[in-house]
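What follows is a single structure, written as structure tokens, with notes after it.
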Amino acid sequence: MKIEIANGRVVDPKHGIDRVAPLFVAAGKIAAIGDAPPGWSPNRTIDATGLVVCPGLVDLSARLREPGFEYKATLESEMEAAVAGGVTSLACPPDTDPPLDEPGLVEMLKYRARSLNQAHVFPVGALTVGLRGLEITEMGELAEAGCVAFSQAEAPVTDTGVLLRAMQYAATFGHRVWLRPQDAHLAGGGVAHDGEVATRLGLAAIPPSAETIALATIFALVRETGVRVHLCRLSTGEGVAMVRAAKHDGLRVSCDVAAHHLHLCEIDIGWFDAQCRLIPPLRGTRDRAALRAGLADGTIDLVCSDHTPVDDDGKQLPFGEAEPGATGLELLLPLTLKWAAEDRVPLPAALARITSAPAAILGVGAGHLGIGAPADICIFDPGAHWRVVPEALRSQGKNTPFLGLEVPGKVRMTLVGGQVVYEG
Amino acid sequence: MALPDAEATLVALADRMRGAVAFDAKFVGMYSGGAWIAERLARTIDGDHPVGFIDASFYRDDFGSKGLKPEVKRTELPFEIEGATIVLVDDVLYTGRSVRAAINELFDYGRPARIELAVLVDRGGRELPIEPTYVGARLAVARDLSVVLSRAADGRLELTTEAAGA
Amino acid sequence: MRNPQLNAAGELTHLLTLEGLPAEVIVRILDTAVPFASIAERDVKKVPLLRGRSVFNLFFENSTRTRTTFEIAAKRLSADVINLNIGVSSTSKGETLLDTVDNLVAMNADMFVVRHSQSGAPHLIAAHLDRTGNGHVHVVNAGDGRHAHPTQGLLDLFTIRHYKKEFRRLTVAIVGDVLHSRVARSLIHGLTTLGVPEVRAIGPKTLLPTAVHALGVHVHHDMREGLKGCDVIVMLRLQSERMKGALLPSAGEYFKHYGLTAEKLAYAKPDAIVMHPGPMNRGIEIDSAVADGERSVILPQVTFGIAVRMAVMSMLAGG
């Protein structure tokens with residue numbers, strides 16, 4: 001099927017392209033940008049006047065809730081949400097039920113996802129069996145089944161010895177390890193940032209040192225093992241500074257921030273709004289400023305949605321008992337655009353954070369519009385604003401702290417492998 | 001219509017009570033106007049007339065619609081109610097609901113032998129079967145007006161009208 | 001942020017926390033409690049204000065003391081009182097917290113008195129009632145997690161006003177486990193709202209919240225220093241769990257540094273009053289001699305507690 005996308009502003013951060021030009025798709029791949037291929041005759045022409053044409057977004061963390069949590073959301077609904085949000089490749093964390101520690105589960109998930117013909121799903125395998133932090137998983141088998149990296153999701157590895165050996169093993173075979181920097185003991189039963197809001201509201205608190213001490217431990221283990229580590233969801237200003245210093249010293253680590261942490265802080269909890277019950281917790285205004293600056297200067301490599309659909313029952317509970325997490329696939333683009341507009345970050349640099357940069361961490365050939373690359377494309381209107389209401393979201397998770405707010409950036413069309421999978 | 005002079009009316013009320021009221025009757029004044037009048041009556045009428053004060057806010061029937069008024073005062077009854085002759089004293093008798101509330105409150109303190117009612121002014125418009133024993137003056141007042149007793153710094157009492165619900 | 005406790009006319013519709021309550025509202029509650037206190041001295045200790053209304057005591061955390069005082073207060077207002085002890089977790093029965101609330105509203109509840117181990121539970125219930133068109137049902141927070149115990153805060157304020165008359169010249173010290181104490185948080189909000197110039201928190205670092213200064217208090221780790229010139233001393237209860245969580249080594253060492261004895265009391269003003277929300281751990285946070293001594297107003301606190309709760313309930317139920 002030959003498709004011509006005409007008159008759009010083509011932005012491909014990886015190849016430094018940012019101009020109004022036609023984009024040509026043939027046989028599921030990018031055929032050309034600018035000049036039509038010889039003998040070109042399109043089956044379909046899409047008029048992208050006033051719209052941005054960019055690589056399909058790559059989301060490093062989206063919970064699809066299968067297997068095990070189908071009452072919260074299903075693969076069908078969440079994959080629809082992904083393409084509605086312009087996301088064409090996503091990685092899902094291993095904290096399903098059962099966790100992704102068996103090749104069979106991974107294969108099943110990949111098979112189910114493939115049959116839906118929407119976004120590409122890259123499962124992240126469990127680093128330890130059952131995510132219990134004691135025995136390492138069969139990383140070889142899991143990688144063969146399709147796992148792109150290994151992680152503990154939110155489950156801690158309290159035994160540093162086990163963490164060291166898991167990292168050594170992964171390093172042996174060149175597997176990547178994704179880790180949440182959070183010290184389990186310091187975090188304790190905490191549900192909010194150890195600051196003014198938790199003090200006033202009487203909420204069990206997580207001090208910033210839970211993140212910084214974990215970062216220090218991880219850095220030391222990386223130096224020792226040489227494993228490639230990606231740090232998931234930074235939340236503190238001190239953490240950003242530590243990563244900046246470590247990178248400056250030549251340590252090979254990457255890190256990300258969840259889109260909602262760019263915009264919210266502890267004060268948004270208000271009177272115990274469980275939509276703000278998140279992991280990591282929303283921190284102070286200075287932390288938020290540091291995260292934004294870190295993303296702008298490249299200390300933080302990318303933004304992810306950390307998409308976590310939670311049903312109403314899970315949120316209509318006292319703050320400390322509520323299930324943490326926010327829906328996010330359909331807000332990844334708008335929240336990134338909002339940050340970029342507010343902090344005057346040029347569009348290509350902003351889009352890099354949700355296309356080429358996450359693709360590089362995944363180690364897959366996604367997130368760009370190079371000639372011959374799969375035609376995974378997102379076409380969006382940067383000037384359109386829309387209100388975040390439950391009806392506007394395709395995800396079964398309507399749990400978002402941004403309910404009722406207007407956000408910029410409306411996806412008009414999403415293509416995967418040259419097929420239109422979403423038209424808005 | 002012209003309001004009567006409060007001081008003169010008080011003299012008239014005391015005259016009617018003198019000789020009729022029991023020697024050991026206890027005066028219970030309803031805040032605030034009734035309280036002022038009770039004090040004045042006790043001074044001018046011979047006999048053993050201790051004075052107490054009652055705020056019947058907790059017994060009113062309009063709590064559901066109007067709530068508690070901001071300044072509820074303490075009911076102070078420094079004598080036995082049980083078996084006593086009580087003269088309940090109020091400034092303006094209108095619907096009779098305030099008096100009903102005060103009587104209910106008195107009964108929570110004990111069982112009096114009898115209760116008489118002394119009012120400075122009876123403006124009619126009763127909504128309950130309550131009649132005063134002693135009256136200073138009778139008035140006819142339009143429904144949209146309230147009759148209010150006030151006390152000056154020197155103790156002089158004065159009757160005025162104001163818009164109802166003010 | 002709109003205050004969820006006040007309706008559009010600025011009247012109190014729920015009592016969830018003293019934080020953010022205007023001073024006039026707090027003072028009105030204290031003033032209203034005065035005549036209610038005198039009712040306790042009559043033979044007939046009832047007034048008919050809440051006759052026909054149903055007050056449900058929803059206690060998700062056990063507390064016979066607090067529940068009893070609310071029950072007495074509601075009955076003295078002639079309300080019908082229903083006690084529900086839901087135990088540690090309603091979800092253990094499979095029914096969610098809000099489902100339980102909906103069922104009780106359907107049984108014509110007029111008021112919920114809620115105690116819960118989680119901070120924010122009463123706020124959740126009040127928001128749910130307002131959102132589902134049941135704004136006529138009022139919520140009184142009888143203690144939620146570490147967050148607030150507003151009626152305790154009010155009765156503490158009432159007690160202080162009773163003995164000290166003026167708030168604006170006082171130095172008040174709160175001693176003990178402020179970190180875990182909803183009583184402390186409520187009292188601190190009330191004191192700062194009413195203009196108390198100096199509120200002190202005295203305790204070891206492990207028992208004080210990191211951002212305690214955000215509450216508007218001065219911190220002292222030395223109790224004798226902290227008690228100098230105090231007019232009011234509020235002793236907080238120390239729970240035995242604190243010794244297990246590596247927060248404190250022993251009750252004995254705690255008493256040595258932070259227990260109120262006559263010797264330490266001497267550092268305060270000669271007419272300082274000693275308060276305690278109860279129940280007391282004699283010999284751990286307070287010496288028996290001081291608890292029973294002439295400066296202690298611990299027993300009057302209990303009486304005032306009933307009057308204050310009657311005032312709160314009648315203000316909520318009226319109008």
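What the table shows:
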| read-out | value |
| --- | --- |
| Surface accessible to a 1.4 Å probe, per residue, for the residues of the stretch B:45-166, Å² | 49 Å² |
| Pair-distance profile P(r), taking every C-alpha pair of the protein assembly as shown, with 10 angstrom steps and integer % | 2, 11, 16, 17, 15, 13, 10, 7, 5, 3, 1, 0, 0 |
| Spin-label model distance (nm) - residue A:216 vs residue A:389, 7 Å beyond Cα toward Cβ | 5.1 nm |
| Kirkwood Rh, angstrom, the stretch C:71-161 [1 / mean 1/r, Cα pairs] | 14.3 Å |
| The stretch C:64-169 - percent of accessible surface contributed by carbon and sulfur, probe 1.4 Å | 48 percent |
| Net length gained if the chain between residue C:257 and residue C:96 were fully extended (0.36 nm per residue, minus Cα distance) | 53.6 nm |
| Cα pair distances of chain C binned at 10 Å [whole percent] | 6, 27, 34, 23, 9, 1 |
| Cα extents of the stretch A:358-424 along the three principal axes, largest first (Å) | 41, 24, 22 |
| Kirkwood-type radius of the stretch B:108-152, with distances r between different C-alpha atoms, in Å | 12.9 Å |
| Cβ charges +1 (Lys, Arg) and -1 (Asp, Glu), total dipole of the stretch C:5-155, debye | 420 debye |
| Two-site FRET efficiency, residue C:64 against residue B:113, from Cβ-Cβ distance with R₀ of 35 Å, rounded to 0.05 | 0.20 |
| Of all DSSP beta bridges in chain A, antiparallel share, percent nearest 5 | 50 percent |
| Area buried, chain C against chain A - accessible surface, total, 1.4 angstrom probe, square angstrom | 1900 Å² |
| Entries of A:72/A:410; B:69/C:75; A:14/A:410; B:26/C:165; C:45/C:228 with Cα pairs more than 30 Å apart | B:26/C:165; C:45/C:228 |
| Residue-averaged beta-carbon neighbours from other chains (10 angstrom radius) around C:41-53 | 4 |
| Å² per residue, accessible surface of chain A at 1.4 Å | 36 Å² |
| Cα-projected label distance for residue B:22 with residue C:269, points at 7 Å along beta-carbon direction, nm | 4.9 nm |
| 222 nm mean residue ellipticity, helices alone, for chain C (DSSP H n ≥ 4; -39,500 (n - 2.57); rounded to 500) | -11500 deg cm²/dmol |
| Residue B:2 versus residue B:76: modelled label distance in nm, points set 7 Å from Cα along the beta carbon direction | 3.8 nm |
| Equivalent ellipsoid dimensions for the stretch C:128-275 as semi-axes, Å, which come from the Cα gyration tensor, largest first | 28, 21, 12 |
| Estimated D of the stretch A:1-157 in µm² per second, where Rh is the Kirkwood radius over Cα pairs and Stokes-Einstein applies at 37 °C, 0.692 mPa s | 187 µm²/s |
| Carbon plus sulfur fraction of accessible area for chain B, probe 1.4 Å, in percent | 49 percent |
| Averaged over C:113-125, number of beta-carbon atoms from partner chains that fall within 10 Å | 5 |
| Mean residue ellipticity (222 nm) of chain A, computed from DSSP H runs ≥ 4 via -39,500 (n - 2.57), nearest 500 | -8500 deg cm²/dmol |
| Cα-only Debye scattering, the stretch C:17-124: base-10 log of I(q)/I(0) at q = 0.11 Å⁻¹ | -0.43 |
| Fraction of beta bridges assigned by DSSP in chain C that are antiparallel (%, nearest 5) | 5 percent |
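The values are calculated or read from the model by the stated rules, or taken from the named source; none is laboratory data. These figures come from a predicted structure and were not determined experimentally. In this analysis, Cβ positions are derived from the backbone assuming ideal geometry, glycine residues included, and neighbour counts consider all displayed protein chains. To get the accessible areas, we keep the full protein, side chains included, count just its heavy atoms, and leave off ligands, DNA and RNA. Shrake-Rupley method; radii C 1.70, N 1.55, O 1.52, S 1.80 Å.
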